[in-house]
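Colleague: The structure follows.
The values are calculated or read from the model by the stated rules, or taken from the named source; none is laboratory data. Note that the structure is a prediction, hence the values are computed from the model and not measured. FYI the Cβ positions are ideal-geometry reconstructions off the backbone, even for glycines, and counts take in every protein chain you see. Please note that ligands, DNA and RNA were not included when accessible areas were found on the heavy atoms of the full protein model with its side chains. Shrake-Rupley method; radii C 1.70, N 1.55, O 1.52, S 1.80 Å.
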Protein chains: 2
Amino acid sequence: MRTGERRPTLADVAAQAGVSTALASIVMREAPGASAATRRRVLEVAEQLGYHPDARARLLRSGRSRLLGVVFGVQHAFHGDLVTGLYDAAEDLKYELTLSAVTERRGERRAIQALLQDRCEALIVLGPQSSTASLAALSARLPVVAVGRGLRHRALDVVRSDDVLGLHLAVDHLVALGHRRIVHIDGGRMPGAAERRRGYREAMRRHGLDDEIRVVPGGPTGEDGAAAVSLIRDLPTAITVFNDLASTGVLDALRRAGVSVPEDVSVIGYDDSRLARLTYLDLTTIAQDTASMTTLAVTRALARIEGEKVPQRELVIPPHLVPRGTTAAL
Amino acid sequence: MRTGERRPTLADVAAQAGVSTALASIVMREAPGASAATRRRVLEVAEQLGYHPDARARLLRSGRSRLLGVVFGVQHAFHGDLVTGLYDAAEDLKYELTLSAVTERRGERRAIQALLQDRCEALIVLGPQSSTASLAALSARLPVVAVGRGLRHRALDVVRSDDVLGLHLAVDHLVALGHRRIVHIDGGRMPGAAERRRGYREAMRRHGLDDEIRVVPGGPTGEDGAAAVSLIRDLPTAITVFNDLASTGVLDALRRAGVSVPEDVSVIGYDDSRLARLTYLDLTTIAQDTASMTTLAVTRALARIEGEKVPQRELVIPPHLVPRGTTAAL
DNA sequence: ATGAAAGCGCTAACAG
DNA sequence: CTGTTAGCGCTTTCAT
């Protein structure tokens, strides 16, 4: 189906339009310095020949790639939201995004390697798994922005959600509804778990509920949530859970135990994932502000590329509560 | 943190190692024609200098990009599985994958455009949304493989799952368990819905259950599934549902109605999504063979690039049943 | 086994 | 406004 001929080059277009390649180049990249007539003619020929500029040659010559590398987990629903936001944020800036996925068999190291070969000018790593040290080493080569995980290193920019605040919001909401006996189901060693745990404890204390503090070991999966429920000694009136997925396990375990939500027990998740939005789950949850996070990540990457001075390496974005059907007044 | 110096080029490595760039090039791309000693020395210097080959220059010179463009929906969980499979399939071939995401605000057209500028040699489009005509037009420029949606056009390669067979398997499974009164909840106008509907009807007839055929209008979402349940007149003993997500709605609606699964009613979903695998859902479902689909998609793309003759434009992969906890003998 | 030279498709100086 | 010249960093003949 394909024509055997090679694809047209700028030289072809130029020749066909009867101008030099330099002039054709000016037209193609909409640079000033070509007459309207020429401009029209070149564009016409380009269209007719089906010419598409060769991004690689272009970038090779201009010395810069104008590429922002994004490392993301392709199985990770939340990363999908972030990638969407990143595209939006990069939209009008004259930078392109290039994606490199982390899969079960393709580690973060390989994903990053591919991006380096593409000569990206900065890296935005979603939920980085590499060691702080190795990312910091990378940052000697190009700016690295970590999103969603709080790495502490002077060479790394970090954009993350304020997980401590997230649990403050959750507990405040429950207390406002009259709850006092509130249990937190923990996320173990997952990124963010420590902060959420701390946020829970702080908020409980702030409300004078020191004696009610109960942290039950859990994890990130539905099973973890379900298992955690069975560890709870006397049923509280409300539960804050590490994330939405674990919450679904919690909801299911409660239901099996004959406990109604939110009549008997209120439940709050974390992430505002698609799961939480399912109408029949209708999970009250804490939403991370992906729009702000992605915009800031891109802005920060560009600032580093341009060599601007930036005041702080870490940007902490406040999340917000999304009240839905799994929380109710006592 | 970054050193101000430009990144090392092959010439730097060559000079430092005391060889020509040509020789250094041979070493870097593991081509034959360099002594072990040279090889070692060059590699050593490269490592020490932190040299990374410039993919763009490399490809520019060699005239080919050895790039396979992949268009995928970043929000689409199933696409995540496919992308993972594609990376695996491309692993040992000397082609690289380059991803371009479709988001709510970044249409398939833009995603494809970016890939064209990257000089991909073939396009693999997951769940294409563009018109058959526009994809066919594209295929005049480079091979296009559509995955997961059955486009019928002589210029397009298609790799998809056999949805008709999928529902045969579902119905057969239920019949083997003693079910006869089996309802199908439909997917409306979604890709694959028509085939699944047809597969249901065919299988029912094959089992002599013509009189039991009941197709209830539904859709792809959880809500659709829940709504469909309320449309069912007299409760059957089993339900086949368009997909897993809708199945969760079905399960929830049944539960609310006091119907136990699988004791009273068996339910089968479709996709074997992560949802289905959640232990507390434990949904019996039909799994698409993503490994085969992705392997074949890559193989086919390469065959087209190499200009091989291929017997058929459409590859239909059989799915398989994943028996779990939502189906039981009558 | 190694090196010299040419050039991939394009853009950036500089001339005119 | 337009053309000429020189590469970007690499691979590929073709010599040696």
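Colleague: In the set A:Ala22, A:Ala77, A:Ala101, A:Ala89, which member is within 16 Å of DNA strand D (Cβ to nearest atom) and outside the structural domain of A:Leu275 (by TED's automatic domain parsing)? Break it down stepwise before answering.
Modeller: Working: A:Ala77 fails: within 16 Å of DNA strand D (Cβ to nearest atom); A:Ala101 fails: within 16 Å of DNA strand D (Cβ to nearest atom); A:Ala89 fails: within 16 Å of DNA strand D (Cβ to nearest atom).
Among A:Ala22, A:Ala77, A:Ala101, A:Ala89, only A:Ala22 is within 16 Å of DNA strand D (Cβ to nearest atom) and outside the structural domain of A:Leu275 (by TED's automatic domain parsing).
Colleague: Report the residue count in the range A:1-55 for those that are modelled with pLDDT of 90 or more and on the phi > 0 side of the Ramachandran plot.
Modeller: 1
Colleague: Here's another thing I want to ask about it. Taking the range A:298-315 as the region of interest, how many residues are farther than 15 Å from A:Val147 by Cβ and outside any helix (DSSP H, G or I)?
Modeller: Residues in the range A:298-315 being farther than 15 Å from A:Val147 by Cβ and outside any helix (DSSP H, G or I): 7 in total.
Colleague: Right, here's the next one. Regarding the range A:253-262, can at least one residue be identified that is assigned to a helix (DSSP H, G or I), over 30 Å from A:Ala122 (Cβ atoms), among the hydrophobic types (A, V, I, L, M, F, W, C) and in contact with a Lys or Arg (Cβ under 9 Å, 6 or more places away or on another chain)? Don't jump to the end; show me each part of the working.
Modeller: Kept after step one, since they are assigned to a helix (DSSP H, G or I), are these residues of the range A:253-262: A:253-256.
Subsequent filtering for residues that are over 30 Å from A:Ala122 (Cβ atoms) retains A:253-256.
Narrowing the set further to residues that are among the hydrophobic types (A, V, I, L, M, F, W, C) leaves A:253-254.
Next, only the ones that are in contact with a Lys or Arg (Cβ under 9 Å, 6 or more places away or on another chain) stay: none.
No, the range A:253-262 contains no residue that is assigned to a helix (DSSP H, G or I), over 30 Å from A:Ala122 (Cβ atoms), among the hydrophobic types (A, V, I, L, M, F, W, C) and in contact with a Lys or Arg (Cβ under 9 Å, 6 or more places away or on another chain).
Colleague: Give me the residue from the range A:262-285 that is among the aliphatic types (A, V, I, L, M) and over 14 Å from A:Ile185 (Cβ atoms) and, out of that set, nearest to the other protein chains (Cβ to nearest Cβ). Step through it out loud before you land on a result.
Modeller: As a first pass, look at the range A:262-285 and keep what is among the aliphatic types (A, V, I, L, M): A:265, A:267-268, A:275-276, A:278, A:281, A:283.
Applying the additional criterion that residues be over 14 Å from A:Ile185 (Cβ atoms) yields A:275-276, A:278, A:281.
Values: A:Leu275: 8, A:Ala276: 12, A:Leu278: 5, A:Leu281: 8 Å.
Taking the candidates together, the pick is A:Leu278.
Colleague: Here's a follow-up. Return the residues of the range A:229-252 that are basic (Lys, Arg) and touching a residue at least 12 places away in the same chain (Cβ under 8 Å); say none if nothing qualifies. Break it down stepwise before answering.
Modeller: Of the residues in the range A:229-252, the ones basic (Lys, Arg) are A:233.
Hits for the range A:229-252: nothing passes.
Colleague: Here's another thing I want to ask about it. Consider A:Ala136 carefully, then state whether it is facing chain B (nearest Cβ under 10 Å) and either within 17 Å of A:Thr294 (Cα to Cα) or of a type in the set (Gly, Ala, Ser) (or both).
Modeller: Details: facing chain B (nearest Cβ under 10 Å): yes; either within 17 Å of A:Thr294 (Cα to Cα) or of a type in the set (Gly, Ala, Ser) (or both): yes.
In short, yes.
Colleague: Looking at the range B:172-182, can you tell me whether even one residue there is within 14 Å of chain A (Cβ to nearest Cβ) and out of contact with any Asp or Glu (no Cβ under 8 Å at 6 or more places or on another chain)? Break it down into steps so the answer makes sense when it comes.
Modeller: Going residue by residue through the range B:172-182, those that are within 14 Å of chain A (Cβ to nearest Cβ) are none.
No.
Colleague: Would you mind finding the one in A:Leu142, A:Leu156, A:Leu126 that is among the aliphatic types (A, V, I, L, M), within 27 Å of A:Leu99 (Cα to Cα) and in contact with a Phe, Trp or Tyr (Cβ under 9 Å, 6 or more places away or on another chain)? Give the derivation first.
Modeller: Working: A:Leu142 fails: in contact with a Phe, Trp or Tyr (Cβ under 9 Å, 6 or more places away or on another chain); A:Leu156 fails: in contact with a Phe, Trp or Tyr (Cβ under 9 Å, 6 or more places away or on another chain).
It is A:Leu126.
Colleague: Turning to a different aspect of this structure: So which of B:Thr327, B:Thr285, B:Thr295 is assigned to a helix (DSSP H, G or I) and at pLDDT 95 or above?
Modeller: Working: B:Thr327 fails: assigned to a helix (DSSP H, G or I); B:Thr285 fails: assigned to a helix (DSSP H, G or I).
Checking each option against the conditions leaves just B:Thr295.
Colleague: Then there is this: Residues that are touching a residue at least 40 places away in the same chain (Cβ under 8 Å) and within 16 Å of DNA strand C (Cβ to nearest atom), at least 1 per element: which helices (runs of 4 or more DSSP H) completely within the range B:43-150 meet that? Lay out the reasoning, then the answer.
Modeller: Working: elements: B:55-62, B:77-90, B:108-117, B:132-138.
Filter on the range B:43-150 gives B:55-62, B:108-117.
Colleague: Give the range A:36-53 a look and list any residue that's open to solvent by 40 Å² or more (accessible area, probe 1.4 Å) and within 11 Å of DNA strand D (Cβ to nearest atom), or say none. Outline the logic, then answer.
Modeller: First pass over the range A:36-53, keeping only residues open to solvent by 40 Å² or more (accessible area, probe 1.4 Å): A:36-37, A:39-41, A:43-44, A:47-49.
Hits for the range A:36-53 are A:Ala36, A:Ala37, A:Arg39, A:Arg40, A:Arg41.
Colleague: Quick check: is even one residue across the range B:55-77 farther than 30 Å from B:Val298 by Cα, of a type outside the set (Asp, Glu), open to solvent by less than 40 Å² (accessible area, probe 1.4 Å) and within 14 Å of chain A (Cβ to nearest Cβ)? Spell out the reasoning first.
Modeller: As a first pass, look at the range B:55-77 and keep what is farther than 30 Å from B:Val298 by Cα: none.
Scanning the range B:55-77 turns up no residue that is farther than 30 Å from B:Val298 by Cα, of a type outside the set (Asp, Glu), open to solvent by less than 40 Å² (accessible area, probe 1.4 Å) and within 14 Å of chain A (Cβ to nearest Cβ).
Colleague: I'd like to check something: does the range A:153-170 contain any residue that is within 17 Å of the chain's Cα centre (by Cα), within 19 Å of A:Pro318 (Cα to Cα), surrounded by fewer than 24 Cβ atoms within 10 Å (Cβ to Cβ) and of a type in the set (D, E, K, R)? Outline the logic, then answer.
Modeller: Of the range A:153-170, the ones within 17 Å of the chain's Cα centre (by Cα) are A:156-163, A:166.
Now drop any that are not within 19 Å of A:Pro318 (Cα to Cα), which leaves A:157-163, A:166.
Cutting the leftovers down to surrounded by fewer than 24 Cβ atoms within 10 Å (Cβ to Cβ) gives us A:158, A:160, A:162.
Now narrow it down to the ones that are of a type in the set (D, E, K, R): A:160, A:162.
Checked against the condition, which is being within 17 Å of the chain's Cα centre (by Cα), within 19 Å of A:Pro318 (Cα to Cα), surrounded by fewer than 24 Cβ atoms within 10 Å (Cβ to Cβ) and of a type in the set (D, E, K, R), the range A:153-170 yields at least one hit.
Colleague: Considering each residue of the range A:233-252, count those that are in a helix (DSSP H, G or I) and of a type in the set (S, T, N, Q), and give that number.
Modeller: Filtering the range A:233-252 for residues in a helix (DSSP H, G or I) gives A:244-252.
Imposing the further condition that a residue be of a type in the set (S, T, N, Q) reduces the set to A:247-248.
Total satisfying the criteria: 2.
Colleague: Of all residues in the range B:182-228, which are touching a residue at least 60 places away in the same chain (Cβ under 8 Å) and in a helix (DSSP H, G or I)?
Modeller: Listed by number, the list holds a single entry, B:Arg196.
Colleague: Of the numbered conditions (1) closer than 30 Å to A:Asp271 by Cα; (2) of a type outside the set (D, E, K, R); (3) within 14 Å of DNA strand D (Cβ to nearest atom), A:Gly33 fails exactly one; give the number of that condition.
Modeller: (1)
Colleague: Would you check which residues across the range A:78-90 are facing chain B (nearest Cβ under 8 Å) and among the small types (Gly, Ala, Ser) and list them?
Modeller: Matches in the range A:78-90: A:Gly80 only.
Colleague: Would you check which residues across the range B:91-114 are of a type in the set (A, V, I, L, M, F, W, C), more than 10 Å from every other protein chain (Cβ to nearest Cβ) and open to solvent by less than 40 Å² (accessible area, probe 1.4 Å) and list them?
Modeller: Initial filter on the range B:91-114 (of a type in the set (A, V, I, L, M, F, W, C)): B:93, B:97, B:99, B:101-102, B:111-112, B:114.
Narrowing the set further to residues that are more than 10 Å from every other protein chain (Cβ to nearest Cβ) leaves B:93, B:112.
Within the range B:91-114, just B:Ile112 meets the criteria.
Colleague: Still on this structure: Would you say B:Gly258 is at pLDDT below 95 and not acidic (Asp, Glu)?
Modeller: Numbers: at pLDDT below 95: yes; not acidic (Asp, Glu): yes.
Considered against the rule, which asks whether it is at pLDDT below 95 and not acidic (Asp, Glu), B:Gly258 comes out as yes.
Colleague: Then there's this: Of A:Ala276, A:Ala297, A:Ala303, which residue is without any contact (Cβ under 8 Å) to a residue 24 or more places away in the chain and open to solvent by less than 40 Å² (accessible area, probe 1.4 Å)? Even if it seems obvious, please write down each step before you answer.
Modeller: Details: A:Ala276 fails: without any contact (Cβ under 8 Å) to a residue 24 or more places away in the chain; A:Ala297 fails: without any contact (Cβ under 8 Å) to a residue 24 or more places away in the chain.
Step by step, each of A:Ala276, A:Ala297, A:Ala303 is checked, and only A:Ala303 is without any contact (Cβ under 8 Å) to a residue 24 or more places away in the chain and open to solvent by less than 40 Å² (accessible area, probe 1.4 Å).
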